[in-house]
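This report refers to the structure that appears directly beneath it.
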Amino acid sequence: MMWKESYRLGVDRIDNQHIELFRMTEKLIEDIAADAPAEVYRESLNFLKDYVIYHFRDEEEYQKSISYAGFEEHHKEHVSFTKTVLEYEKKLEESGFDVSVLKDLAGVVTAWLIYHVADTDQKIVAGKTQSQEEDVELSVNLFSDSAIDVMNTMAGFEKGAVHQKMVKDHVLEGDVFIELPLTGAWEGKAVFGFSRDLALNLVRTMTMMDLQDVDELVISALCELTNISCGNASVLLAGKGIECDIKPPVVKKKEGYAGNAVTGIYIETGIGGLEVVALFDRQQ
């Protein structure tokens, strides 16, 4: 059975409902393998729709009873998953319960259920949510790793020449600053501070032109590079159950960051430096 004893929260009513959800998911996979008729899948969908309604209700009532700090974000996950189930119901009816759509549904339900029960729900009984400090560390690592990957794809680096380190109480020293607003589970902004050398070297390599000034062409290319980097990072965050939407990049003046000590990552590429910082508006 897909259920594992390590998934238990120690709240009998919720644990029993989780076990039933795992049993239903396992049956769905078995029905697909057995090429069951459409009516069987309709029953599974009806069960899933009804079950998540009262399971999510019970789970949220328990969270309220213990004043769980992560209630709002947890509720959003429940709403999103309920919407997903309804969307698949429509897709299945329209496709005549096509096997590829059925397998797609089974994969989504399996992955969501395991992660939700094994990770997200465990935080309820642990009495914790991710702290703002953890948010910063996770986000800047994802943003910086994505930026390195994108720069490598676009311009190519010597792997041994790229080094990154976490810096705390750091005053930004870059020459060109690109800011991308963040919305969703995280409210704030990602900031990328390029040194002049890195900005010019990157775009020179990309265009094969002997550029001497950080002009509109260079700025535009940097904006798109950071936009792609943050887009890739947001996909990785979504895979961790964190919905973080990225708004279009905005060029900022260095003076706006003067004197502000921040925590972030400094990347030395061998052709110039890049500072990556996440600044959150919300407080936990």
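The values are calculated or read from the model by the stated rules, or taken from the named source; none is laboratory data. Since the model is a prediction, treat every value here as computed from it, not as a measurement. Glycine gets a Cβ as well: all are built from the backbone with ideal geometry, and neighbour counts include every protein chain shown.
List of remarks:
- Strands (runs of 3 or more DSSP E) (entirely within the range 159-228) containing at least 3 residues that are of a type in the set (Val, Ile, Thr): 176-184
- Filtered residue count, the range 32-71, keeping only those that are among the small types (Gly, Ala, Ser), surrounded by 13 or more Cβ atoms within 10 Å (Cβ to Cβ) and either in a helix (DSSP H, G or I) or modelled with pLDDT of 85 or more (or both): 2
- Of all residues in the range 176-207, those that are within 14 Å of THR269 (Cβ to Cβ), surrounded by fewer than 17 Cβ atoms within 10 Å (Cβ to Cβ) and without any contact (Cβ under 8 Å) to a residue 24 or more places away in the chain total 1.
- The single condition among (1) part of a helix (DSSP H, G or I); (2) more than 22 Å from ALA185 (Cα to Cα); (3) touching a helix residue (DSSP H, G or I) at 6+ places or on another chain (Cβ under 8 Å); (4) not acidic (Asp, Glu) that THR84 does not meet is (2).
- The sole residue among ALA258, ALA238, ALA190 that is touching a helix residue (DSSP H, G or I) at 6+ places or on another chain (Cβ under 6 Å) and not assigned by TED's automatic domain parsing to the domain that holds SER80 is ALA190.
Conditions tested, residue by residue: (1) assigned by TED's automatic domain parsing to the domain that holds THR269; (2) on the phi < 0 side of the Ramachandran plot; (3) at pLDDT 80 or above; (4) aliphatic (A, V, I, L, M).
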{"site": "VAL79", "(1), (2), (3), (4)": "no, yes, yes, yes"}
{"site": "VAL85", "(1), (2), (3), (4)": "no, yes, yes, yes"}
{"site": "LYS91", "(1), (2), (3), (4)": "no, yes, yes, no"}
{"site": "GLU94", "(1), (2), (3), (4)": "no, yes, yes, no"}
{"site": "VAL109", "(1), (2), (3), (4)": "no, yes, yes, yes"}
{"site": "TYR115", "(1), (2), (3), (4)": "no, yes, yes, no"}
{"site": "SER139", "(1), (2), (3), (4)": "yes, yes, no, no"}
{"site": "THR153", "(1), (2), (3), (4)": "yes, yes, yes, no"}
{"site": "VAL162", "(1), (2), (3), (4)": "yes, yes, yes, yes"}
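- Tally, over the range 81-128, of residues that are among the polar types (S, T, N, Q) and farther than 18 Å from ALA238 by Cβ: 3
- Residues that are surrounded by 14 or more Cβ atoms within 10 Å (Cβ to Cβ) and of a type in the set (Val, Ile, Thr), drawn from the range 227-257: ILE228, ILE242, ILE246
- Just one of the listed residues (GLU224, GLU173) is modelled with pLDDT of 90 or more, farther than 14 Å from VAL140 by Cα and surrounded by fewer than 16 Cβ atoms within 10 Å (Cβ to Cβ), namely GLU224.
- Boolean, VAL101 is modelled with pLDDT of 90 or more and either β-branched (Val, Ile, Thr) or outside any helix (DSSP H, G or I) (or both): yes
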